[in-house]
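Below is one structure, written out as structure tokens; comments come after it.
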Amino acid sequence: MPSLFDPIDLGAIHAPNRLLMAPLTRARATDDHVPTPIMAEYYAQRASAGLIISEATGISREGLGWPNAPGLWTHEQVEAWKPVTEAVHKAGGRIVAQLWHMGRLCPPDVIGMQPVSSSATLAPPRPGNSGRNPYAEARPATQDDIARILDDYAAATRNALEAGFDGVQLHGANGYLIDQFLRDNSNFRDDAYGGAPENRIRLLREATQRLIGEAGAGRVSVRLSPNGETQGCDDSDPKSVFVPAARALAELGIGFLELREQAPDGTFGSSDVPKLSPDIRKVFPGPLVLNQDYELDSAQADLDSGLADAIAFGRKFLANPDLPERLRTGAGLNTPNPRTFYAPGAEGYTDYPPLSAAS
């Protein structure tokens, strides 16, 4: 059986190891969502990952409600991403852009308009907001909205390739727009995008097809979060929608599928809903990447069992730019500082020491 340190082909992308860097929002872009020079240093430091999946990156002004997160819809943003991808490649790495539309999770005071979603629903407030909800009720997407959003996904894919990314990932997880269409507690539509599971996966399938049309199937991946509630999105029968969704993605031939799966004792979201990776593994034969709360032993165990082909690590990469080498050699890990996860500047971003600094 392969180890975490063996190479793998993720579609058209050859990865030298199976330790992927999961997408991690860091809020180091400008107020206009333009990448900054420090982001090139940050990603280059982590180029030893088998593949870097970028922080979630907005496809449009309408769909990006996180302050200082980067975008991929303007010429200025594309040009500012070029030094980032160049730095990663110069350091020997590979990086794909995760494409993001937040749907109802876009606060109106950030995007300057009413958010759009599958249906007229209101997202719950973020934990710690003292009961104040910054969100507004979303308006249900019209057919014209859906056509425009699909165009935005295609344009962002073209922009990502122009910016030097090795591919793109569709963000279909964590309660954002695609997830809002997938789940039956947020999608109450009675048209071709609602009701039965095959209708609720339609936007996921069509968006993936648009990415493939621009980048080729081997340079497209998708991220899903199939088990349990996330940011107010939930489903009464997740197996009935996410297994067919994975089957549809397999038929499209995407490069790999990534699953963020919650556990009862999860440290960044938890759920008692059973994980669906065993069922998804049966219908998705291509590279399957799992994420959430992995340690070295549990990661290798899921590779040994054949459940996963690679593992995406998130918070461990925040504080350990050379994580693959640390895990390979059994070296100690730096501890991430949550206070600096979304703060501006270098502290808690580019100042974590690599192993070489300790020798």
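Based on what the data block shows, is Gln262 at negative phi, out of contact with any helix residue (DSSP H, G or I) (no Cβ under 9 Å at 6 or more places or on another chain) and not hydroxyl-bearing (Ser, Thr, Tyr)? Spelling it out, Gln262 is indeed at negative phi, out of contact with any helix residue (DSSP H, G or I) (no Cβ under 9 Å at 6 or more places or on another chain) and not hydroxyl-bearing (Ser, Thr, Tyr). Residue-level check: of (1) part of a helix (DSSP H, G or I); (2) among the hydrophobic types (A, V, I, L, M, F, W, C); (3) out of contact with any Lys or Arg (no Cβ under 8 Å at 6 or more places or on another chain); (4) more than 21 Å from Leu150 (Cβ to Cβ), Val88 misses just (3). Annotation note: Cβ proximity below 9 Å between a residue of region 330-359 that is on the phi > 0 side of the Ramachandran plot and a residue that is surrounded by 10 or more Cβ atoms within 10 Å (Cβ to Cβ) and of a type in the set (D, E, K, R) (sequence gap 6+ or interchain) occurs for Gly345/Arg28. Of the residues making up region 227-270, just one is among the basic types (Lys, Arg) and closer than 18 Å to Gln98 by Cβ, namely Arg260. The residues on offer are Leu318, Leu276, Leu323, and the sole one that is out of contact with any helix residue (DSSP H, G or I) (no Cβ under 8 Å at 6 or more places or on another chain) and modelled with pLDDT of 95 or more is Leu318.
Would you check if there is a residue in region 306-315 being over 18 Å from Glu261 (Cβ atoms), under 16 Å from the mean Cα position of the chain (by Cα) and assigned to a helix (DSSP H, G or I)? First the steps, then the outcome.
Initially, region 306-315 is screened for residues over 18 Å from Glu261 (Cβ atoms), giving none.
The answer is no; no qualifying residue exists.
Only one entry in Ala299, Ala250, Ala207, Ala217 is in contact with a Phe, Trp or Tyr (Cβ under 6 Å, 6 or more places away or on another chain) and surrounded by fewer than 24 Cβ atoms within 10 Å (Cβ to Cβ), namely Ala250.
Counting only residues that are touching a Ser or Thr at 6+ places or on another chain (Cβ under 9 Å), closer than 24 Å to Val289 by Cα and not polar (S, T, N, Q), region 177-211 holds 10 of them.
For region 97-200, list the helices (runs of 4 or more DSSP H) that sit wholly inside it and hold at least 2 residues that are under 26 Å from Thr85 (Cα atoms) and small (Gly, Ala, Ser); which are they? Working first, answer last.
Working: elements: 108-111, 143-162, 177-182, 197-200.
Hits in region 97-200: 143-162.
Condition check ((1) over 21 Å from Pro108 (Cβ atoms); (2) touching a Ser or Thr at 6+ places or on another chain (Cβ under 7 Å)) across all residues:
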site: Arg126; (1), (2): no, no
site: Arg139; (1), (2): no, no
site: Asp144; (1), (2): no, no
site: Ala156; (1), (2): yes, no
site: Ala163; (1), (2): yes, yes
site: Leu170; (1), (2): yes, yes
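Can you confirm whether region 254-273 contains a residue that is of a type in the set (Lys, Arg) and not in a strand (DSSP E or B)? No, that holds for no residue. Screening region 174-204 for residues that are buried (at least 16 other Cβ atoms within 10 Å of the Cβ) and aliphatic (A, V, I, L, M) and picking the one that is farthest from Val116 (Cα to Cα) gives Ile201. Between Ala245, Ala250, the distinction of being farther than 16 Å from Arg183 by Cβ, touching a residue at least 12 places away in the same chain (Cβ under 8 Å) and either touching a Cys at 6+ places or on another chain (Cβ under 9 Å) or in a helix (DSSP H, G or I) (or both) belongs to Ala250 only.
From Pro244, Pro226, Pro287, Pro264, grab the single residue that is touching an Asp or Glu at 6+ places or on another chain (Cβ under 8 Å) and within 21 Å of Ala12 (Cα to Cα).
Values: Pro244 fails: within 21 Å of Ala12 (Cα to Cα); Pro226 fails: within 21 Å of Ala12 (Cα to Cα); Pro264 fails: within 21 Å of Ala12 (Cα to Cα).
Exactly one of Pro244, Pro226, Pro287, Pro264 is touching an Asp or Glu at 6+ places or on another chain (Cβ under 8 Å) and within 21 Å of Ala12 (Cα to Cα), namely Pro287.
Just give me the residues in region 25-48 being closer than 19 Å to Val289 by Cβ and surrounded by fewer than 19 Cβ atoms within 10 Å (Cβ to Cβ), in sequence order. Once the filter is applied, which keeps residues that are closer than 19 Å to Val289 by Cβ and surrounded by fewer than 19 Cβ atoms within 10 Å (Cβ to Cβ), region 25-48 yields only Thr25.
Condition (residue is buried (at least 23 other Cβ atoms within 10 Å of the Cβ) and assigned to a loop (DSSP other than H, G, I, E, B)) applied to region 73-85: is it met by at least one residue? No, because not a single residue in region 73-85 is buried (at least 23 other Cβ atoms within 10 Å of the Cβ) and assigned to a loop (DSSP other than H, G, I, E, B). Among the residues of region 316-359, those identified as surrounded by fewer than 18 Cβ atoms within 10 Å (Cβ to Cβ), within 24 Å of the chain's Cα centre (by Cα) and among the small types (Gly, Ala, Ser) are Ala319, Ala343, Gly345, Ala346.
The values are calculated or read from the model by the stated rules, or taken from the named source; none is laboratory data. Quantities reported herein were computed from a predicted structural model and do not represent experimental measurements. Note that we place each Cβ from the backbone using ideal geometry, even for glycine, and neighbour counts take in every protein chain shown.
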